[in-house]
Amino acid sequence: MKNRFIVTICLLLTVTFTINAQLYTYPEGLRTGIPHNDDFTVRVRTKGGEWKETFEYKVQVDMDRVQDASMVQFDMNEPVEVMVKKNNGIIQTVDIRPKSKGVEYKQVENCILFTLDKPQYLSVEFNGDRLHNLHLFADPVEKEVYTESKEGVMYFGPGTHRPKDLPNNQISIPSNTTVYLAPGAVVEAKLLVDHAENVRIIGRGIIYKGIRGIEVTDSKNVYIDGITVINPDHYSIFGGGSKDITVRNFKAFSCRGWSDGIDMMSCQNIDIDNIFMRNSDDCMAFYNHRWNWWGGTNNVNVRRAVLWADIAHPINIGGHGDPEAEIGENIENLSFKDIDILEHDEDDYPYQGCMAVVCGDKNLARNILFEDIRIESIQEGMMFNIRVNYNPKYDKAPGRGIDGLTFRNIRFNGIGENRPVIYGFDKDRIARNITFEDIWINGKKLKGLDYFLMNEFVENVVVK
């Protein structure tokens, strides 16, 4: 009993539980190694309290022609008031998205004011400008805080951090380690979890312009919470041959070729909740075999996501597999719920689709659910792209089939999108058992199959 009491006291000394905190802005003193963007001045306060400054980070978006947008971050656990002042030009119109959040504002001269009742991730846009907008990330207040490194804890405090063994571009994380990025910490390197287990990467810090953000390979039981990744060369989170990965309260931007958001290859048991992804490639992609990893991807649960694909797909499933396998690999048991898609823009027709299930390389995709999905804008693309496919650029064989897709309560308001596609490959590789339930387009419920392009290798497609 005495030893247990001593352990408890030690934990309390090293971990601070901020249950009484109401509102935190950071970094402290508004000093950071990341450039500032002066397009906006943003302040926050608890109701009736003193205004607090935020740091308006410069983030880059849209690979078509890279633009400078803005981002602010703070933590809250009670309602807060937000003031956004536009410093360049006159406010004519205002959009606060996702629209599903129903945020109402008041305009006072060249400022807007609004109240947030709970943590959420928003895009604030003036005069229809979505390339120089403000990304506002209100996170829940941290419950676990560290102030130094110790056994089992790798600590990154406020300020800029690089690998000690430069020109190395990554920091390796061993098993049984908690990595804590404090508010105001900027890590200019990839965090690598390789052949490790029981790793936690938490905090409110930023991974900035690494070759990747977080890489998890041949590992298990990895937990990621609260981190922001800004403009990596490639993926924000990459998983290969790993299982039991949890992602919470994650935000990311990218503006380069191949700079996907969260990509998982040959991974199992993935749980993702409350994320914001703005990427110049797929926001989320789930594959089977690629490079050094083999086997199917299964048991994926994604919910409460805001996805913004400046290029390519918001959600992409089924590419890359093992064409040399006697049978092939399966990608199965995936669920996507409560998702706002703010943009889908893809010029190349085969790579369109807000929700794309496109199977090549002997892959079979089955038992996949999309539910409560709200699509706000399609610049160029389509709602659904469902194909058993052979793409010689990436595949060495066609996919084996698609069996069991459900799309439920999907809503889109817009014009000019391409008709969605449902294609099998041949009589032995078909797309079957696909259900569309409560699909609403511009306020009208979809009642038949005329909206879709379909070929003869499709079975049992139902619209309810």
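The values are calculated or read from the model by the stated rules, or taken from the named source; none is laboratory data. What you see is a predicted model, and the numbers here were worked out from it, not measured in a lab. Reconstructed Cβ throughout: ideal geometry from the backbone, glycine too, with neighbour counts over all protein chains shown. These accessible areas exclude ligands, DNA and RNA; they are computed on the full protein's heavy atoms, side chains included. Shrake-Rupley method; radii C 1.70, N 1.55, O 1.52, S 1.80 Å.
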Pick from V153, V124: which is open to solvent by less than 30 Å² (accessible area, probe 1.4 Å) and out of contact with any Leu (no Cβ under 6 Å at 6 or more places or on another chain)?
V153
So is I430 crowded, with 19+ Cβ neighbours inside 10 Å and over 16 Å from A356 (Cβ atoms) or not?
yes
From K106, K86, which residue is touching a Phe, Trp or Tyr at 6+ places or on another chain (Cβ under 8 Å), closer than 29 Å to K209 by Cα and either of a type in the set (D, E, K, R) or buried (at least 19 other Cβ atoms within 10 Å of the Cβ) (or both)?
K86
Complete set of residues in the range 85-100 that are within 21 Å of the chain's Cα centre (by Cα) and within 20 Å of R43 (Cβ to Cβ):
I96
Can you name the residue in the range 265-292 that is under 26 Å from R97 (Cβ atoms) and part of a loop (DSSP other than H, G, I, E, B) and, of all such residues, is most open to solvent (accessible area, probe 1.4 Å)?
D281
Before we move on, is Y390 at pLDDT 95 or above, under 21 Å from Y349 (Cα atoms) and either part of a loop (DSSP other than H, G, I, E, B) or open to solvent by 70 Å² or more (accessible area, probe 1.4 Å) (or both)?
yes
Check the range 16-26 and report whether any residue there is among the aliphatic types (A, V, I, L, M) and modelled with pLDDT under 95.
yes
Of the conditions (1) at pLDDT 95 or above; (2) over 11 Å from the mean Cα position of the chain (by Cα); (3) open to solvent by 30 Å² or more (accessible area, probe 1.4 Å), the single one that A312 does not satisfy is (3)
Of the criteria (1) among the β-branched types (V, I, T); (2) over 29 Å from the mean Cα position of the chain (by Cα); (3) not in a strand (DSSP E or B), which one V462 fails:
(3)
Selection within the range 101-134 - assigned to a strand (DSSP E or B), over 21 Å from the mean Cα position of the chain (by Cα) and not basic (K, R)
Y105, Q107, V108, C111, I112, L113, F114, T115, L116, F126
Search result, residues across the range 315-341 that are surrounded by fewer than 18 Cβ atoms within 10 Å (Cβ to Cβ), small (G, A, S) and assigned to a loop (DSSP other than H, G, I, E, B)
A325
Given (1) aliphatic (A, V, I, L, M); (2) more than 21 Å from N269 (Cβ to Cβ); (3) without any contact (Cβ under 8 Å) to a residue 60 or more places away in the chain, where does V186 come up short, assuming only one miss?
(3)
Residue check, R374 open to solvent by 10 Å² or more (accessible area, probe 1.4 Å), touching a helix residue (DSSP H, G or I) at 6+ places or on another chain (Cβ under 6 Å) and assigned to a strand (DSSP E or B)
yes
Which residue pairs have Cβ atoms under 6 Å apart, sit 6 or more places apart or on different chains, and have a first residue in the range 235-248 that is without any contact (Cβ under 8 Å) to a residue 40 or more places away in the chain and under 14 Å from L192 (Cβ atoms) and a second that is outside any loop (DSSP other than H, G, I, E, B) and open to solvent by 10 Å² or more (accessible area, probe 1.4 Å)?
F238/E215
Given the conditions (1) open to solvent by less than 10 Å² (accessible area, probe 1.4 Å); (2) hydroxyl-bearing (S, T, Y); (3) over 16 Å from the mean Cα position of the chain (by Cα), which single one is not true for S254?
(3)
Subset of the range 436-452, residues open to solvent by 50 Å² or more (accessible area, probe 1.4 Å) and either in a loop (DSSP other than H, G, I, E, B) or of a type in the set (A, V, I, L, M, F, W, C) (or both), comes to W440, N442, G443, K447, L449, D450
If we keep only residues of the range 28-59 that are under 25 Å from the mean Cα position of the chain (by Cα) and surrounded by fewer than 18 Cβ atoms within 10 Å (Cβ to Cβ), then the residue nearest to Q379 (Cα to Cα) is K58
Count, please, the residues in the range 61-84 that happen to be within 19 Å of the chain's Cα centre (by Cα) and among the hydrophobic types (A, V, I, L, M, F, W, C).
6
Residue by residue through the range 293-309, note down the ones that are farther than 16 Å from D340 by Cα and open to solvent by 30 Å² or more (accessible area, probe 1.4 Å).
W294, N298, N299
The range 393-419 - residue that is of a type in the set (A, V, I, L, M) and not in a loop (DSSP other than H, G, I, E, B) and, of those, surrounded by the most Cβ atoms within 10 Å (Cβ to Cβ)
I402
